[in-house]
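The values are calculated or read from the model by the stated rules, or taken from the named source; none is laboratory data. Owing to the predicted nature of the structure, the values given are computational and were not obtained by experimental measurement. All Cβ positions, even for glycine, are placed from backbone atoms using ideal geometry, and neighbour counts span all protein chains on display. SASA here: full protein model, heavy atoms, side chains in, ligands and nucleic acids out. Shrake-Rupley method; radii C 1.70, N 1.55, O 1.52, S 1.80 Å.
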Amino acid sequence: MKTAILTDTNSGISSAEAEELGIFLIPMPIIINDETFYEGQSITEEAFYQALASDKKVTTSQPSPADVLDYWDSLLQKGFDEVVYIPMSSGLSNSCHAAMGFAEDYASKVFVVDNHRISVTLKASAIMAKKLSDMGKSGSEIKAVLEEDAYHSSIYISVNTLTYLKRGGRITPAAAMIGSVLNIKPILTIQGEKLDSFSKARSMKKCEQRMIEALLNDKEKRFADIPNEQLSIGAAGTCLSEEEQLNWKHALEEAFPGADVFYNPLSASIGCHTGPGAVGVGLSVKFL
């Protein structure tokens, strides 16, 4: 059977990468002053953060039901027998549960995966799904593997400014003011279901060190039996210079020798809350 793998730009996968990988991609809507743009298609990363830094009202949204169904129908009409759709974690958006409801009308031709992931770990899941598809696994088999593997991942994000967490209501204005005065940089974590506070530091450099320490602790306690060669470690960030990207990637390569380390920008759905200058990292287990 021919099985198409479909995810969205919350994975951090670009249109060019998706084409190279053989994965199909839904662009996430970005709403600026009531005008809708689509991530990676009708708005650049630079334009998105320029709008975010201005007085414009910027939000992200889940894909419309009509858009999701159009993508499914298009793939089935192109000759695919099945579609495996991997949206962002159900703990972070209602889009996954909504898609599962739509899939009931597709008579086992569409399989929606509740993978509990976002960003670089979601990218790893999409790549795993494509490898399974290439091996001839069915949509139901791919869904089962990905959902069983869902929590074998970890994400940490350091925020350079508290402005956007305050704007999104994730911290109070008073806490944001105190944090800014004391130059406190929060470290957040996503362990499947939601974005939580993890730690804090006085500089982004110290945040990076603490995130590496946290990943090493995860490796020791949760992934002790997994060799570094089987780890996928995604360095990530928002509006980082090329030098900053390379330095962050190099630090992770030194901490996890032999692991597959790559860099991807954080998606707009995360960047909307972190703002520019954020640094993140995600760990997942590669499918060999």
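Check residue 198: other-chain or 5+ apart residues with amide H under 5 Å from its amide H, H built from backbone geometry?
187, 188, 189
Please give the per residue accessible area of segment 1-97, computed with a probe of 1.4 Å over protein heavy atoms only, in Å².
Working: 4630 Å² over 97 residues.
On a per-residue basis, 48 Å².
Pop out the carbon and sulfur fraction of the accessible area of the chain as a percent, whole number, probe 1.4 Å.
Values: 6800 of 13320 Å².
C and S fraction of accessible area: 51 percent.
Please list, in chain and number order, the residues 5+ apart from residue 83 or on another chain whose amide H is under 5 Å from its amide H, with Hs placed from the backbone.
4, 110, 111
Which of the peptides 242-251, 218-227 is most tightly packed, and how do the rest follow, judged by the mean count of other Cβ atoms within 10 Å per residue? Provide the component values of the computation, followed by the final result.
Numbers: 242-251: 14.7, 218-227: 12.6.
Put in order of decreasing packing, that is 242-251, 218-227.
Pop out the ³J(HN,Hα) list for segment 15-21 in order, Karplus 6.51 cos²θ - 1.76 cosθ + 1.60 with θ = phi - 60°, rounded to Hz; leave Gly and Pro as x.
4, 5, 5, 4, 5, 5, 7
Can you list the HN-Hα couplings for segment 143-156, worked out from phi with the Karplus curve (6.51, -1.76, 1.60; θ = phi - 60°), rounded to whole Hz and with x for Gly and Pro?
Rounded to whole hertz, the list is 4, 5, 5, 5, 6, 5, 8, 3, 8, 7, 7, 7, 10, 10.
Output the pairs from 123/249; 56/185; 219/286; 185/219; 78/130 with a Cα-Cα distance over 19 Å in this structure; if there are none, say none. Provide the component values of the computation, followed by the final result.
Values: 123/249 17 Å; 56/185 25 Å; 219/286 14 Å; 185/219 24 Å; 78/130 17 Å.
From the list (123/249; 56/185; 219/286; 185/219; 78/130), the Cα-Cα distance tops 19 Å for 56/185; 185/219.
Taking H as built 1.01 Å from N, whose amide H comes closer than 5 Å to the amide H of residue 117, not counting residues under 5 places away?
89, 90
Compare the peptides 4-15, 142-153 by average per-residue count of other Cβ atoms within 10 angstrom and give them in order, highest first. If you can, show how the numbers build up before the last one.
Details: 4-15: 24.7, 142-153: 18.2.
Ranking the peptides 4-15, 142-153 by packing returns 4-15, 142-153.
Per-residue ellipticity at 222 nm for the chain, helices alone: DSSP H runs ≥ 4 residues times -39500 (n - 2.57), over residue total, nearest 500 deg cm²/dmol?
Values: 11 runs with 119 residues, N = 288.
Taken over the chain, the calculation gives -12500 deg cm²/dmol.
Grab the other residues whose beta carbon is less than 11 angstrom from that of residue 4, score K and R as +1, D and E as -1, and report the net. The partial results should precede the final answer.
Values: positive: 2, 78, 109, 130; negative: 81, 82.
Within the 11 Å Cβ shell, the charges total +2.
Sort the following peptides by mean Cβ neighbour count (other Cβ atoms within 10 Å, averaged over residues), highest first: 26-32, 44-50, 58-64.
Values: 26-32: 20.6, 44-50: 15.6, 58-64: 17.3.
Most protected by this proxy first, the peptides run 26-32, 58-64, 44-50.
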